[in-house]
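Let me begin by presenting the structure, written as structure tokens, before commenting on it.
The values are calculated or read from the model by the stated rules, or taken from the named source; none is laboratory data. Everything quoted here is computed from the prediction, not taken from an experiment. Don't worry about glycine lacking a Cβ; one is built from the backbone with ideal geometry, like all the others, and counts go over all protein chains shown.
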Amino acid sequence: MIARVLAPRLQQRFGRPVIVENRTGASGNIGVASVVKSAPDGHTLLIAPSTLAITPWLVKDLGWDPARDLEPVSRVAGIAMVLTVNASVPAENASQLIALAKQRPGALNYGTPGNGTPQHLGMELFKQATGASLTHVPYKNLPGAVTDMLGGRVDGGFFAIQSVLPHAKAGKLRLLATTGERRTPWTPEVPTLQEQGITGADVESWIGLFAPPGTAAAIIQQLHQEIAAQLASPEVAETLFKGGVQAAVSTPAELRQLVRSELDRYQRVVAAAGLRPE
């Protein structure tokens, strides 16, 4: 969605076609690898989520390193996550869920769109930070996890706000806490984890723009300036907001540091969770 919002505006600015191509497969690794191998001329770019910092610890022989083989251009967006449970779960806030999970170790479960996703490792981080015991139920996609949570086959999990908000408004799901330093504009009534005294468990799905390795600094700077200008546009920000995404710009150096810090963080989470590369 972000790419398709930005593409026509960049096309107008650059005076040449800007084509959005979905490269699916292997949790996005096929798309990343294609950009890593592309010519560093600024004509091939990658929009990718924070799974970039997770994949290296869960996939054997990946063939690329996000800290080495991609040139950061800018962070473009952030997607806040919300700790969610089926309405039948007797927990009104995160602390009550933690207490319930400790009383019945492993009895409660959580659904995710799959192993190694931000939702999966976000909940593993939550478990490690709080001592809560919940069982992971991986699905092949997000709709499957949400559907089974609605049906009560899984108790809860971390989800992007827009994927669960309509169901929460209908009373079928309960939102316990959001991640991040501030409450989200979509759920101002839902306190953050930090407000509830829970630290070290925040996870956010961020989206970044990258270029192939070796791309000249002048090209990176030009791309960054154009992307930053577009994301500052009220029209673009409103369009993204309606899709559940908050525009969030960074410098190339800030995105590089974010990738490195996230790599370090998720390496520790994966090791503590006992997960192994496949």
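Listed here are the residues, each with its yes/no results for (1) more than 18 Å from the chain's Cα centre (by Cα); (2) surrounded by fewer than 17 Cβ atoms within 10 Å (Cβ to Cβ); (3) modelled with pLDDT under 95.
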position	(1), (2), (3)
Leu165	no, no, yes
Glu181	no, yes, yes
Gly200	no, yes, yes
Leu209	no, no, no
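Any idea which of (1) assigned by TED's automatic domain parsing to the domain that holds Lys37; (2) at pLDDT 95 or above is the one Lys242 doesn't satisfy? If we test Lys242 against (1) assigned by TED's automatic domain parsing to the domain that holds Lys37; (2) at pLDDT 95 or above, just (2) comes out false. Among residues that are under 18 Å from the mean Cα position of the chain (by Cα), surrounded by fewer than 24 Cβ atoms within 10 Å (Cβ to Cβ) and closer than 30 Å to Val18 by Cβ, Ala80 is not included.
Of everything in segment 1-30 that is under 27 Å from Asp264 (Cβ atoms) and touching a strand residue (DSSP E or B) at 6+ places or on another chain (Cβ under 7 Å), the residue that is modelled with the highest pLDDT is Ile2. Output the residue which, of all residues in segment 169-179 that are assigned to a loop (DSSP other than H, G, I, E, B) and surrounded by 16 or more Cβ atoms within 10 Å (Cβ to Cβ), is nearest to the chain's Cα centre (by Cα). Selected residue: Thr179. Filtering Leu52, Leu6, Leu46, Leu10 for residues that are farther than 25 Å from Gln162 by Cα and either of a type in the set (A, V, I, L, M, F, W, C) or free of Cβ contacts under 8 Å to residues at least 40 places away in the same chain (or both) leaves a single hit, Leu10.
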